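Participant: Please find one structure pasted underneath; my questions will follow.
The values are calculated or read from the model by the stated rules, or taken from the named source; none is laboratory data. Here the structure is a predicted model, which means the values were calculated and not measured. Heads up, the Cβs are rebuilt from the backbone with ideal geometry, glycines too, and the neighbour counts pull from every protein chain shown. Only protein heavy atoms, including side chains, enter the accessible area calculation; ligands, DNA and RNA are left aside. Shrake-Rupley method; radii C 1.70, N 1.55, O 1.52, S 1.80 Å.
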Amino acid sequence: EDNVFMPAQATPKPGKYSTDNVPYVRAPMECWTDNETKIVVLKWSAQSTKTTCEFMCMAHDVKNYLGNILFNMPSEPMAKSKAETVWFPIINSSPALKALKPSNKNKFKILEQHMQNGVINFIGGNSATNLASRSAGRIFTDEIDKLKAQLINEADPLSLLFERAEW
């Protein structure tokens with residue numbers, strides 16, 4: 001919370017991020033930072049800060065975790081949109097996160113961002129290739145109810161993601 005600023009592009013309440021505004025996100029965020037916890041599931045009503053909670057956990061990981069991060073959305077266009085419209089403004093508005101960006105701009109692209117501690121990949125879960133081609137120690141998946149239940153000749157998307165987890 002001390003290091004994240006929420007820009008107007010990312011939230012209806014811009015400013016320094018604080019769980020005081022949404023206290024119910026504290027418990028899942030604390031679980032995320034607990035080394036014993038492997039999976040955190042958020043099941044709240046629509047438009048109730050689930051994605052923001054994921055991005056706050058991801059911001060924590062960018063600063064404190066050494067390894068790769070995978071952020072999955074139901075499709076690549078959705079992944080690209082979240083990266084551009086929410087994640088990038090959060091990084092660029094938060095000095096502690098912005099300092100971790102690479103100096104080589106070619107290493108910080110929409111779907112693949114090389115940060116100091118690892119690589120963040122934004123992927124679309126509608127492609128078995130996207131789901132199976134990268135491993136990561138930290139995996140975020142949003143809008144899982146919109147993932148295709150079964151990819152053609154493949155396991156379900158969540159199984160493909162979990163098989164790539166570096167746990």
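Participant: Just reorder Thr51, Thr19 by solvent-accessible area, largest first, 1.4 Å probe, all chains present.
Facilitator: The residues order as Thr51, Thr19, largest area first.
Participant: Looking at Val62, Pro28, Gln47, which one has the Cα that reaches farthest to the positive end of the dipole of the range 22-70 (charges on Cβ: Lys, Arg +1; Asp, Glu -1)?
Facilitator: Checking the options against the dipole of the range 22-70, the answer is Gln47.
Participant: Let me ask you something else. Which percent of the accessible area of the chain is formed by carbon and sulfur heavy atoms (probe 1.4 angstrom)? Kindly include the intermediate steps, with their values, before the conclusion.
Facilitator: Values: 4570 of 9130 Å².
Roughly 50 percent, rounded to a whole number.
Participant: Let me ask something else about it. Could you work out how far helix 50-64 tilts from the main Cα principal axis of the chain, as a 0 to 90 degree angle to the nearest 10?
Facilitator: Helix 50-64 and the main axis of the chain meet at about 80 degrees.
Participant: A further question follows. Give a quick list of chymotrypsin sites (Phe, Trp or Tyr not before Pro) in the range 32-98 that DSSP marks as loop, anything other than H, G, I, E or B, with at most 13 other Cβ atoms within 10 Å. Don't skip to the answer; put the middle values down first.
Facilitator: On the way: sites: Trp32, Trp44, Phe55, Tyr65, Phe71, Trp87; in loops: Trp44, Tyr65.
Here the sparse-neighbourhood loop sites are Trp44.
Participant: Oh, and also: Which value, in Å² rounded to 10, gives the accessible area of Glu54 with a 1.4 Å probe and all protein chains present?
Facilitator: The accessible area comes out at roughly 20 Å².
Participant: Report the accessible area of Lys101, computed with a 1.4 Å probe over the heavy atoms of all protein chains in place, in Å² rounded to the nearest 10.
Facilitator: Accessible area of Lys101: about 50 Å².
Participant: Nearest 20 debye, what's the magnitude of the dipole of the range 50-111 about its Cα centre given +1 on Lys and Arg Cβ and -1 on Asp and Glu Cβ?
Facilitator: On the way: 9 positive and 4 negative charges, 47 e Å.
Roughly 220 debye for the range 50-111.
Participant: Rounded to the nearest angstrom and ordered from largest down, what semi-axes does the equivalent ellipsoid of the range 45-96 get from its C-alpha gyration tensor (root of 5λ)? List each step's numbers first, then the result.
Facilitator: Working: eigenvalues 67, 36, 31 Å².
Here the semi-axes work out to 18, 13, 12 Å.
Participant: Continuing with this model, one more query. For Asp61, Asp156, write out the residues from largest to smallest accessible area, computed with a 1.4 angstrom probe and no ligands counted.
Facilitator: These residues rank, largest area first, as Asp156, Asp61.
Participant: At 7 Å along Cα-to-Cβ for each site, give me the label-to-label distance between Thr11 and Phe108 in nm.
Facilitator: If labels sit at Thr11 and Phe108, their model points lie 2.1 nm apart.
Participant: Okay, next question. Can you give me the solvent accessible area of Arg26 with a 1.4 Å probe, rounded to the nearest 10 Å²?
Facilitator: Result for Arg26: roughly 90 Å² accessible.
Participant: On to the next question. If I take every Cα pair under 8 Å that is 6 or more residues apart in the range 1-56, average their sequence separation and divide by the length, what percent do I get for the relative contact order?
Facilitator: Values: 36 pairs, mean separation 12.7, N = 56.
Contact order relative to length: 23 percent.
Participant: Calculated FRET efficiency, Glu163 and Glu1, Cβ-Cβ r, R0 45 Å, to nearest 0.05?
Facilitator: Numbers: r = 33 Å, r/R0 = 0.74.
Given R0 = 45 Å and the Cβ-Cβ separation, E is 0.85.
Participant: Based on DSSP H runs of at least 4 residues, each adding -39500 (n - 2.57), what is the mean residue ellipticity at 222 nm of the chain after dividing by all its residues, to the nearest 500 deg cm²/dmol?
Facilitator: Working: 7 runs with 51 residues, N = 167.
That comes out to -8000 deg cm²/dmol.
Participant: So who's got an amide H within less than 5 Å of the one on Met6, skipping anything under 5 residues away but keeping other chains? H placed 1.01 Å off N, in plane.
Facilitator: Amide H neighbours of Met6: Gly15, Lys16, Tyr17.
Participant: Turning to a different aspect of this structure: Order Ser159, Ser133, most accessible first, counting only protein heavy atoms with a 1.4 angstrom probe.
Facilitator: Ranked from most to least accessible, the order is Ser133, Ser159.
Participant: Let me test this: with uniform point scatterers at the alpha carbons of the chain, what is the Debye-based log₁₀ I(q)/I(0) at q = 0.18 1/Å?
Facilitator: For the chain, the Cα-only Debye profile gives -1.22.
Participant: Using only the alpha-carbon atoms, what does the range 105-165 span along each of its principal axes? Please give whole angstrom values in decreasing order.
Facilitator: 36, 19, 19
Participant: Tell me the per residue accessible area of the range 63-166 using a 1.4 Å probe; a whole number in Å² is fine.
Facilitator: On a per-residue basis, 50 Å².
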